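Chemist: Take this structure, written in structure tokens, and hold onto it; I'll ask about it next.
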Amino acid sequence: MLDDATVSRHLTIRGRVQGVYYRASAQAEGVRLGLAGWVRNRRDGSVEALVAGPETAVEHFITWARRGPPAAHVQELVVAEGPLPEPGPFSVRPTA
């Protein structure tokens, strides 16, 4: 549920993050934490995510995103303020 206590962050993750189940793992983590938002691959080899929910849950997701799934090797994580996503469960979007 998105309300006044909701924070939203836009993440760009670089490194070995495609072909290692990063998106599926991120979706599972977002759902586990009760977050709204999405994750998708970018054509430049990075992964992009928009994450919204209670600040503590969003911070837990960011901590997870710094390491990702076991086969990933995150080299850089850029976090910025983000717009609120459409309400709904955390999803995987097509590559952009």
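Chemist: Residue pairs, Cβ under 6 Å, 6 or more apart or interchain, first in the stretch 1-30 and within 9 Å of Val47 (Cα to Cα), second modelled with pLDDT under 95 and buried (at least 16 other Cβ atoms within 10 Å of the Cβ). List them.
Modeler: none
Chemist: Testing Thr63 on (1) closer than 21 Å to Thr95 by Cα; (2) under 11 Å from the mean Cα position of the chain (by Cα), one condition comes back false. Which one is that?
Modeler: So Thr63 meets the others, but not (1).
Chemist: Out of the stretch 40-55, which residues are surrounded by 15 or more Cβ atoms within 10 Å (Cβ to Cβ) and of a type in the set (D, E, K, R)?
Modeler: From the stretch 40-55, those surrounded by 15 or more Cβ atoms within 10 Å (Cβ to Cβ) are 40-42, 46-54; that's our starting set.
Scanning the stretch 40-55 gives Arg40, Arg42, Glu48.
Chemist: Give Thr56, Thr63 a once-over and let me know the one that is closer than 12 Å to Leu11 by Cα and either polar (S, T, N, Q) or out of contact with any Gly (no Cβ under 6 Å at 6 or more places or on another chain) (or both).
Modeler: Matching residue, one of Thr56, Thr63: Thr63.
Chemist: Go through Val58, Val79 for me and flag whichever is without any contact (Cβ under 8 Å) to a residue 60 or more places away in the chain, more than 16 Å from Ala96 (Cβ to Cβ), touching a strand residue (DSSP E or B) at 6+ places or on another chain (Cβ under 7 Å) and of a type in the set (Val, Ile, Thr). Can you show your working first?
Modeler: On the way: Val79 fails: without any contact (Cβ under 8 Å) to a residue 60 or more places away in the chain.
Result: Val58 is the single residue among Val58, Val79 that is without any contact (Cβ under 8 Å) to a residue 60 or more places away in the chain, more than 16 Å from Ala96 (Cβ to Cβ), touching a strand residue (DSSP E or B) at 6+ places or on another chain (Cβ under 7 Å) and of a type in the set (Val, Ile, Thr).
Chemist: Right, next: Restricting the search to the stretch 56-96, which residues are among the small types (Gly, Ala, Ser), modelled with pLDDT of 95 or more and surrounded by fewer than 11 Cβ atoms within 10 Å (Cβ to Cβ)?
Modeler: Ala80
The values are calculated or read from the model by the stated rules, or taken from the named source; none is laboratory data. None of the values given here were measured: they were computed from a predicted structure. Ideal geometry is used to build each Cβ from the backbone, glycine not excepted, and the neighbour counts take in all protein chains shown.
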